1. Just give me the residues in the stretch 305-319 being in a helix (DSSP H, G or I) and either under 21 Å from the mean Cα position of the chain (by Cα) or among the basic types (K, R) (or both), in sequence order.
2. When you look at V308, is it crowded, with 18+ Cβ neighbours inside 10 Å, assigned by TED's automatic domain parsing to the domain that holds P135, within 22 Å of A353 (Cα to Cα) and out of contact with any Gly (no Cβ under 7 Å at 6 or more places or on another chain), yes or no?
3. Would you mind finding the one in A250, A215, A243 that is within 25 Å of Y356 (Cβ to Cβ) and modelled with pLDDT of 95 or more?
4. Is there a residue being in a helix (DSSP H, G or I) and either in the same structural domain as P281 (by TED's automatic domain parsing) or crowded, with 24+ Cβ neighbours inside 10 Å (or both) anywhere in the stretch 195-209?
5. Within the stretch 223-241, is there a residue that is basic (K, R) and surrounded by fewer than 24 Cβ atoms within 10 Å (Cβ to Cβ)?
6. Which residue is farthest from P210 (Cα to Cα), if the candidates are limited to the stretch 253-294 and must be assigned to a loop (DSSP other than H, G, I, E, B), touching a strand residue (DSSP E or B) at 6+ places or on another chain (Cβ under 8 Å) and of a type in the set (D, E, K, R)?
Amino acid sequence: MLGDYRIRGRRATEIAADVERAVGSGELAPGQALPPLRDLAAGLGVNPNTVAAAYRLLRDRGVIETAGRRGSRIRPRPAVAPRDQIRVEVPPGVRDLSTGNPDTALLPPLAPALAAAAAALDREPVLYGHPAADPGLLALAAAAFRADGVPEGPLAVASGSLDAVERIFTARLRPGDAVAVEDPGWGSLLDLVPALGLRPVPVAVDDEGPLPDRAARALAAGARALVVTSRAQNPTGAALTAARARDLRAVLARHPDVLLVEDDHGHGIVDQPYRPLAAAPDGRPTVRHWAVVRSAAKAYGPDLRLAVAAGDTDTVDRVLGRQRLGAGWVSHLLQRTVAELWRTDAAPAARNAAAYRERRDALLAALAAHGVAAHGAGGLNVWVPVRDEAAAVAGLLQRGWAAAPGARFRLESPPGIRLTVSPLTLHEVPALAADTAAALGRGAASGRPV
């Protein structure tokens, strides 16, 4: 089971320290199974409760994971090479469709909003003891959440979506807990989960979002949290429909203690309605602990590192309490800048959604004309299932296009490539579609789930 390695120790802390040292030195590899606690206790001549305590320590420190009757195993190491580093070098002259960035031409000018925010802070500087969140930003966010049917709850401001999700996870989860995540899904989230000592459980998606039966299976198997992208899913563009949201709410209602995190990073760039999961249309809650996260990155620019999260009182109070002990607050200059943009840039969602939809629809139609199935219900990206990612990426690169390898976004789902439509012009779409078909030998995989 452990090869030639023999675990040593008489106390729980000694046993745990020995295993952790061996993992750090490479003597115990990720995925290796640990002995059943009674077998190890007999081998060490200690009480089984001592070994059980050692395994609890190791699980809490994120060194091992326990999967019921399948026993305990050494956890995979946290990512040291983030998935967003799985990319191709883009030579000069190649059109880069791999980044996932918004179209800079659609971003509002920052100077007026920054000037207004700075002038307000000149008049009344923010000092220690001030509220952590800008009241104007909170009022705008609360009104938007309320209009979209998000349950009433307190708000927190974080430094972007991933920062908010990390704070929510650490507020409610412990190392070793399983988190149900979309597959394919956001690469940074797929890195964050194991980095926190949590265990990702893949949930397949189609164009309407996570498949309810797969989500139900993950929760029934013990997943303590479920993360759902409401719309503009990265990388597939999936968006929850009313029917899919209803089915997912029914799944969640059978697991009311599960933490639900709804990622709505598409707010401000899509024209699909928001479909809340934390509460039914009549306002009845589906779960006790939930959060809805919206960031400024896609509508106003990734450098505005700001997200607003709504959630249940206990979860948000825990997030705010821990934030006070660390960063304290997100810069009010950023908060007031985003609030100013929100107030003065009256129609970003309609403008951005129309532009991105036109490019996505054109590319999807052109690919379909070449017999290439693809997905992209909303947002910035189109997902193309392929048989061989490396060959597809290389083939497109030879033809002047850089695509993102699907490995950045997958756990168990089939291969694919992601094409970001934001840099595209409409006159480039026919050439891209023809080159994609040629790179795939007109043999892309198709069907659902994606």
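1. Taking the stretch 305-319 as the starting set, the residues that turn out to be in a helix (DSSP H, G or I) are 313-319.
Of everything in the stretch 305-319, those that are in a helix (DSSP H, G or I) and either under 21 Å from the mean Cα position of the chain (by Cα) or among the basic types (K, R) (or both) turn out to be T315, V316, R318, V319.
2. Values: crowded, with 18+ Cβ neighbours inside 10 Å: yes; assigned by TED's automatic domain parsing to the domain that holds P135: yes; within 22 Å of A353 (Cα to Cα): yes; out of contact with any Gly (no Cβ under 7 Å at 6 or more places or on another chain): yes.
Here the answer is yes, as V308 does meet what is asked.
3. Working: A250 fails: within 25 Å of Y356 (Cβ to Cβ); A215 fails: within 25 Å of Y356 (Cβ to Cβ).
The unique qualifying residue is A243.
4. So in the stretch 195-209, the residues in a helix (DSSP H, G or I) come out as 195.
Among the residues that remain, those that are also either in the same structural domain as P281 (by TED's automatic domain parsing) or crowded, with 24+ Cβ neighbours inside 10 Å (or both) are: 195.
For the stretch 195-209, residues in a helix (DSSP H, G or I) and either in the same structural domain as P281 (by TED's automatic domain parsing) or crowded, with 24+ Cβ neighbours inside 10 Å (or both): present.
5. The initial filter retains those residues of the stretch 223-241 that are basic (K, R), namely 224, 231.
Cutting the leftovers down to surrounded by fewer than 24 Cβ atoms within 10 Å (Cβ to Cβ) gives us 224.
Yes, because at least one residue in the stretch 223-241 is basic (K, R) and surrounded by fewer than 24 Cβ atoms within 10 Å (Cβ to Cβ).
6. D257
The rows are residues; the columns are (1) crowded, with 16+ Cβ neighbours inside 10 Å; (2) free of Cβ contacts under 8 Å to residues at least 12 places away in the same chain; (3) more than 30 Å from the chain's Cα centre (by Cα); (4) not assigned by TED's automatic domain parsing to the domain that holds A279.
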residue	(1), (2), (3), (4)
V126	yes, no, yes, no
G136	yes, no, no, no
A139	no, yes, no, no
V157	yes, no, no, no
S161	yes, no, no, no
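The values are calculated or read from the model by the stated rules, or taken from the named source; none is laboratory data. Here the structure is a predicted model, which means the values were calculated and not measured. Note that each Cβ is placed from the backbone with ideal geometry, even for glycine, and that neighbours are counted across all protein chains shown.
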